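The values are calculated or read from the model by the stated rules, or taken from the named source; none is laboratory data. Bear in mind the structure is a predicted one, so any value in this text is a computation, not a measurement. When we count neighbours, we look across all protein chains shown, and the Cβ atoms used for this are built from the backbone with ideal geometry, even at glycine. These accessible areas exclude ligands, DNA and RNA; they are computed on the full protein's heavy atoms, side chains included. Shrake-Rupley method; radii C 1.70, N 1.55, O 1.52, S 1.80 Å.
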Amino acid sequence: MSFASSLVVSSNVEISPSSFGFLDSVRDGSQIPDSSRFFSRNRAAKMMKKRHKWGNYSHSSQLKYPVIAASMVVNPAGAMTVSSEQKVYDVVMKQAALVKRQLRTAGELDVKPDIVLPGTLSLLNEAYDRCGEVCAEYAKTFYLGTMLMTPERQKAIWAIYVWCRRTDELVDGPNASHITPSALDRWEARLEELFQGRPFDMLDAALADTVTKFPVDIQPFKDMIEGMRTDLRKSRYKNFDELYLYCYYVAGTVGLMSVPVMGIAPDSQASTESVYNAALALGIANQLTNILRDVGEDARRGRIYLPQDELAQAGISDDDIFAGRVTDKWRNFMKSQIKRARTFFDEAEKGVLELGNASRWPVWASLLLYRQILDEIEANDYNNFTKRAYVSKAKKMMALPMAYARSLLGPS
């Protein structure tokens, strides 16, 4: 199970099996089918009266994890190896450095002017509009929150969302069983072309334009693809260190992609690194919540996204999970896992306050709604084998004004 869109998704999204028609072509390396498959037939027909060709377009349950710190570990053979924390820490520092360089010259994250080439402006506008349509269809709550953003930031977040969703669907979509490592290699090569200003299709073009305007680095995008590779070869995680790295790959990366676009408040006194750490923590928290919600669903696919050493310590076997046994041992184990996820949410809250004013509402909405999934697991008496924890529409509607109220609170 991978869910790449943690910062940019509502808490209960249903995906149509036919929503992402590009999967077949990625698998065999051919041209990506028309992006209208993201939309209903009548809307697609209206929007795709003419086709555009995109050529070169320039322009352990310890609480140490939420606060990222460099570390080394010793493997059983006695050799020093880099821990998951260290790997993620290095990426976080690099992303923060990119933003700080721009902050030194601009005061706040300024948007670079459009690079307008003959005939491309109208196509770019259409590309961004399509990204907005995708976001509105599959992440309604977050899309509503983006309405407060400036048009430039709004469009950029939509473009990032679409790329993350398409990437996630490669291994979690209806054709996931046919996706091979070589298909992911082709997707990564296409990403590199995109960052060089050579998008493959219209949806790629929106992201290609975004990365020319904001200090967005390619590494989190590549790391997300690495998370998809992990799903192809791995169905168990020995300990939380391994699971943490996976959560970073498939969800924490979204926070690192998004901070440069969302912007840091001009009056924030927090370090750039701390804001990135908080964004990372929200991604980790959301993914841990996904994992706890989907234990039964993943088990039916032969996957267990829980630390094996902690399961053993709790006296729980893989067979117990496959059989869906809700015992006191399971309840106690789930309590500790939920506590860990909430710790990451607590860490994430500190960073939301430091974001730009217009960007705080959608992030607060995501955070509050995902936290409620943990409450629902508890309400289901920790039966996440046959009962799906979800946030009702009524609770979602109640959460939105609460998220908006919190978004009005800026840096302390």
### Query
Going by the conditions given, is residue 192 part of a helix (DSSP H, G or I), in contact with a helix residue (DSSP H, G or I) (Cβ under 6 Å, 6 or more places away or on another chain) and among the acidic types (Asp, Glu)?
no
### Query
Does region 164-175 contain at least one residue that is under 22 Å from residue 364 (Cα atoms) and not polar (S, T, N, Q)?
yes
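Within region 281-336, which helices (runs of 4 or more DSSP H) (wholly inside it) include 3 or more residues that are among the acidic types (Asp, Glu) and modelled with pLDDT of 95 or more?
Values: elements: 295-299, 308-313, 318-323.
Filter on region 281-336 gives 318-323.
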### Query
Is it the case that some residue within region 285-296 is basic (Lys, Arg) and surrounded by fewer than 18 Cβ atoms within 10 Å (Cβ to Cβ)?
no
### Task
Please specify each residue of region 273-295 satisfying the condition of being under 16 Å from residue 347 (Cβ atoms) and more than 17 Å from the chain's Cα centre (by Cα).
273, 274
## Note on the structure
Residues of region 213-254 being more than 23 Å from residue 173 (Cβ to Cβ), in a helix (DSSP H, G or I) and not hydrophobic (A, V, I, L, M, F, W, C), in sequence order, are 213, 219, 241, 242, 244
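Among the residues of region 265-280, which ones are surrounded by fewer than 24 Cβ atoms within 10 Å (Cβ to Cβ) and either modelled with pLDDT of 95 or more or of a type outside the set (Ser, Thr, Tyr) (or both)?
Across region 265-280, the qualifying residues are 265, 266, 267, 269, 270, 273.
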### Task
Quick one: in region 229-258, of everything that is under 25 Å from residue 345 (Cβ atoms) and among the aliphatic types (A, V, I, L, M), which residue is most open to solvent (accessible area, probe 1.4 Å)?
245
### Query
If a residue has to be more than 15 Å from residue 347 (Cα to Cα) and not in a helix (DSSP H, G or I) to count, how many in region 259-272 make the cut?
7
### Query
Which residues, taken from region 133-152, are touching a helix residue (DSSP H, G or I) at 6+ places or on another chain (Cβ under 6 Å) and under 20 Å from residue 199 (Cβ atoms)?
134, 135
### Query
Is there a residue being closer than 19 Å to residue 404 by Cα, over 20 Å from the mean Cα position of the chain (by Cα) and not aromatic (Phe, Trp, Tyr) anywhere in region 327-348?
no
### Message
From the list 185, 223, exactly one residue is among the charged types (D, E, K, R), surrounded by fewer than 24 Cβ atoms within 10 Å (Cβ to Cβ) and either more than 19 Å from the chain's Cα centre (by Cα) or over 28 Å from residue 306 (Cα atoms) (or both). Which is it?
### Response
185
### Task
Mind listing whichever residues of region 132-159 are of a type in the set (Lys, Arg) and over 16 Å from residue 358 (Cβ atoms)?
140
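Residues 358, 405, 379: which one is of a type outside the set (Asp, Glu), within 22 Å of residue 263 (Cα to Cα) and more than 22 Å from the chain's Cα centre (by Cα)? Full working, then the answer.
Numbers: 358 fails: more than 22 Å from the chain's Cα centre (by Cα); 379 fails: within 22 Å of residue 263 (Cα to Cα).
Just one listed residue meets the conditions, 405.
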